[in-house]
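The following block contains the structure, expressed as structure tokens.
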Amino acid sequence: MSLIKKIHHVAYRCRDARETVEFYRDVLGMQFTCAFAEDRVPSTHEPDPYMHVFLDAGMGNVLAFFELPTKEPMGRDPHTPPWVQHIAFEVADLDTLESTRQRLVQRGLEVVGPTDHGLFKSIYFFDPNGHRLELTVDTATPEMARRAREVAPAMLEEWDRTKRAPRHAAWLHAAEFTAVDSAVQL
């Protein structure tokens, strides 16, 4: 039995709480649900004013941000590429992914993709704070998802030994995946 029931919320820093709420509300359709503001940090009691905003990302998932006006400007980890740390949101279908991509481009945002990951397709862009966002739609068949789960432990083991990309799931990036191919390769 898992100790964790679910993720209550995930929190990030933002430059401007209003700008952030408006972006996630107006661009991604999230509802602004709650805000906390304090002059002292409740857990440490140190004086440090902040605004903490919460947005409904759907199905009980909550995305939160802190605006910290007395702290140094936000930065990125200079040792981590910008494509690594990101927030991925699932959308309903490929039509939604494409219509959202078009809407983002019309708003002047630079959008990468759609990118086919084999099990899902994604687009990528940045929010006003520099956080990379991914919108994704699952495209895997149940058979593909099962097969990916089955090879995951062997892939991790090989990666741990070699620090080179294992080939156990190379079929995900093949031009086509058919039922015949999967039956032969199982």
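The values are calculated or read from the model by the stated rules, or taken from the named source; none is laboratory data. Treat the numbers as computed from the prediction; the structure is a model and nothing was measured. When we count neighbours, we look across all protein chains shown, and the Cβ atoms used for this are built from the backbone with ideal geometry, even at glycine.
Would you confirm whether or not the range 61-70 contains a residue that is of a type outside the set (K, R), outside any strand (DSSP E or B) and in contact with a His (Cβ under 9 Å, 6 or more places away or on another chain)? Walk me through it before giving the result.
Kept after step one, since they are of a type outside the set (K, R), are these residues of the range 61-70: 61-70.
Checking the rest, the ones that are also outside any strand (DSSP E or B) come to 61, 68-70.
Subset that is in contact with a His (Cβ under 9 Å, 6 or more places away or on another chain): 61.
There is at least one residue in the range 61-70 that is of a type outside the set (K, R), outside any strand (DSSP E or B) and in contact with a His (Cβ under 9 Å, 6 or more places away or on another chain).
Tell me, which residue of the range 116-131 that is surrounded by 18 or more Cβ atoms within 10 Å (Cβ to Cβ) and not hydrophobic (A, V, I, L, M, F, W, C) is farthest from L94 (Cα to Cα)?
By that ranking, first place goes to H131.
Let me ask something else about it. Do you know which residues across the range 74-100 are assigned to a helix (DSSP H, G or I) and surrounded by 14 or more Cβ atoms within 10 Å (Cβ to Cβ)? Break it down stepwise before answering.
Here is the first cut: in the range 74-100, the residues assigned to a helix (DSSP H, G or I) are 94-100.
If the condition is that a residue be assigned to a helix (DSSP H, G or I) and surrounded by 14 or more Cβ atoms within 10 Å (Cβ to Cβ), then L97, E98, T100 are the ones that fit.
Further question: Within the range 139-151, is there a residue that is charged (D, E, K, R) and closer than 30 Å to C34 by Cα? Working first, answer last.
Restricting attention to the range 139-151, the residues satisfying the condition of being charged (D, E, K, R) are 143, 146-147, 149-150.
Pick out the ones that are also closer than 30 Å to C34 by Cα and you get none.
Scanning the range 139-151, I find no residue that is charged (D, E, K, R) and closer than 30 Å to C34 by Cα, so the answer is no.
Here's a check for you: in the range 4-20, which residue that is among the basic types (K, R) and surrounded by 14 or more Cβ atoms within 10 Å (Cβ to Cβ) is farthest from M59 (Cα to Cα)? Outline the logic, then answer.
Quick first cut of the range 4-20, residues among the basic types (K, R) only: 5-6, 13, 15, 18.
Keeping just the survivors that are surrounded by 14 or more Cβ atoms within 10 Å (Cβ to Cβ) gives 13, 15.
On the way: R13: 23, R15: 27 Å.
Across the range 4-20, the extreme among qualifying residues is R15.
Looking only at the range 49-71, which residues are over 19 Å from A37 (Cα atoms) and loosely packed, with under 12 Cβ neighbours inside 10 Å? Lay out the reasoning, then the answer.
Of the residues in the range 49-71, the ones over 19 Å from A37 (Cα atoms) are 57-61.
If the condition is that a residue be over 19 Å from A37 (Cα atoms) and loosely packed, with under 12 Cβ neighbours inside 10 Å, then M59, G60 are the ones that fit.
Continuing with this model, one more query. Any chance the range 21-44 includes a residue that's surrounded by 17 or more Cβ atoms within 10 Å (Cβ to Cβ) and charged (D, E, K, R)?
Going residue by residue through the range 21-44, those that are surrounded by 17 or more Cβ atoms within 10 Å (Cβ to Cβ) are 21, 23-24, 27-28, 30.
Now narrow it down to the ones that are charged (D, E, K, R): none.
The answer is no; no qualifying residue exists.
If P47 satisfies every condition in (1) under 21 Å from L135 (Cα atoms); (2) touching a Lys or Arg at 6+ places or on another chain (Cβ under 7 Å) but one, which is the exception?
Answer for P47: the failing condition is (1).
Can you tell me how many residues in the range 25-57 are touching a Phe, Trp or Tyr at 6+ places or on another chain (Cβ under 8 Å) and either part of a helix (DSSP H, G or I) or of a type in the set (A, V, I, L, M) (or both)?
10
With respect to T115, is the statement that it is polar (S, T, N, Q), over 16 Å from D26 (Cβ atoms), outside the structural domain of F23 (by TED's automatic domain parsing) and not in a loop (DSSP other than H, G, I, E, B) true? Let's see the steps before the verdict.
Numbers: polar (S, T, N, Q): yes; over 16 Å from D26 (Cβ atoms): yes; outside the structural domain of F23 (by TED's automatic domain parsing): yes; not in a loop (DSSP other than H, G, I, E, B): yes.
It is true that T115 is polar (S, T, N, Q), over 16 Å from D26 (Cβ atoms), outside the structural domain of F23 (by TED's automatic domain parsing) and not in a loop (DSSP other than H, G, I, E, B).
So R103 ticks every box in (1) part of a loop (DSSP other than H, G, I, E, B); (2) of a type in the set (K, R); (3) under 19 Å from L135 (Cβ atoms) but one. Which box is left unticked?
(1) is the only condition that R103 fails.
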